[in-house]
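Structure record follows, encoded as structure tokens.
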Amino acid sequence: MEKLQYISQGNTRQEQEYNIRKALDNGIKWVQIRWKNAPENELINLCETSKQLCSEYQSLCIINDHVQLAKTIDADGVHLGLSDGSIEEARIILGDNKMIGGTANTISDVIQRMNESCDYIGLGPLRFTSTKEKLSPVLGFEGYQEIIDQLRGKSMVIPKIFAIGGVSLDDIQHLQQIGIYGVAVSGQITSQPAIINEFKKAMIYA
């Protein structure tokens, strides 16, 4: 599984598509299409185009929230928030070969996600981020450390956890030392897509 995921940004279909193209041009191998409050037909159009683009670049394309849309366009999977419907239902709809990720904010969320057999867990936010309207309590590095320590204390296998929410290049080494598997990045990649290569280097050699 890739360790770096780009969460798309943009207020219009054109902005979204432009940012996704730039990320792909700069070597991203995993895109999560996230466009809250989008007009339905515009979102479908964006997802269809993005899936095609990702296929051309041999990159994964998953969709935030919309399980049925993911099935319709044959996306590589979905990412579900804590209030976005059940992982179990998504698995029934999409089948065993698609990727399903789930959001978590607390140790109990993480354990719930592990029991639901998510492929990965998006745990956060690391710090305040303006890309999310209803932000969960900020974890900080201490919050991640505490959750990893609690899992180890229960002798549980550490799942593939991705840090989300305001993550930047400078955070990679610290997060990996804590035991975090990967990161999902939105703002920094949107504003400077060329930084993707630096992320990849940091994650391989950290």
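One table, with the values for the structure above:
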{"quantity": "Condition met for Gly122 (closer than 20 Å to Gly77 by Cα, surrounded by 17 or more Cβ atoms within 10 Å (Cβ to Cβ) and in contact (Cβ under 8 Å) with a residue 60 or more places away in the chain)", "calculated": "yes"}
{"quantity": "Output for the stretch 24-41, where each listed residue is open to solvent by 60 Å² or more (accessible area, probe 1.4 Å) and either over 26 Å from Ile195 (Cβ atoms) or within 16 Å of the chain's Cα centre (by Cα) (or both)", "calculated": "Lys29, Lys36, Asn37, Pro39, Glu40, Asn41"}
{"quantity": "Pair list, Cβ < 6 Å and 6+ apart or interchain, from the stretch 2-14 residues that are under 16 Å from Asn26 (Cβ atoms) to residues that are surrounded by fewer than 20 Cβ atoms within 10 Å (Cβ to Cβ) and modelled with pLDDT of 95 or more", "calculated": "Glu2/Lys29"}
{"quantity": "Yes/no for Leu82 being modelled with pLDDT under 95 and of a type outside the set (Phe, Trp, Tyr)", "calculated": "yes"}
{"quantity": "Extreme residue, surrounded by the most Cβ atoms within 10 Å (Cβ to Cβ), among residues of the stretch 104-118 that are more than 17 Å from Ala90 (Cα to Cα) and polar (S, T, N, Q)", "calculated": "Asn105"}
{"quantity": "Criterion: among the small types (Gly, Ala, Ser), buried (at least 23 other Cβ atoms within 10 Å of the Cβ) and either out of contact with any Asp or Glu (no Cβ under 7 Å at 6 or more places or on another chain) or within 19 Å of Asn64 (Cβ to Cβ) (or both) - qualifying residue of Ala184, Ala194, Ala202", "calculated": "Ala184"}
{"quantity": "Qualifying position, being in contact with a helix residue (DSSP H, G or I) (Cβ under 9 Å, 6 or more places away or on another chain) and within 25 Å of Glu15 (Cβ to Cβ), among Ile180, Ile172, Ile164, Ile196", "calculated": "Ile196"}
{"quantity": "Yes/no for Ser59 being out of contact with any Asp or Glu (no Cβ under 8 Å at 6 or more places or on another chain), open to solvent by less than 60 Å² (accessible area, probe 1.4 Å), over 14 Å from Ser186 (Cβ atoms) and small (Gly, Ala, Ser)", "calculated": "yes"}
{"quantity": "Which numbered condition Met1 misses (of (1) in a loop (DSSP other than H, G, I, E, B); (2) surrounded by 17 or more Cβ atoms within 10 Å (Cβ to Cβ))", "calculated": "(2)"}
{"quantity": "Subset of the stretch 47-99 [within 21 Å of Asp109 (Cβ to Cβ) and either among the basic types (Lys, Arg) or in contact with a Gly (Cβ under 6 Å, 6 or more places away or on another chain) (or both)]", "calculated": "Ile62, His79, Leu80, Ile87, Arg91, Met99"}
{"quantity": "Meets criteria (surrounded by 13 or more Cβ atoms within 10 Å (Cβ to Cβ), under 16 Å from Ile28 (Cβ atoms) and in contact (Cβ under 8 Å) with a residue 12 or more places away in the chain) for Ala163", "calculated": "no"}
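The values are calculated or read from the model by the stated rules, or taken from the named source; none is laboratory data. Keep in mind it's a predicted model, so treat the numbers as computed, not measured. Glycine also receives a Cβ, built like all others from the backbone with ideal geometry; neighbour counts cover every protein chain displayed. Heads up: the accessible areas ignore ligands, DNA and RNA and are worked out on the full protein's heavy atoms, side chains in. Shrake-Rupley method; radii C 1.70, N 1.55, O 1.52, S 1.80 Å.
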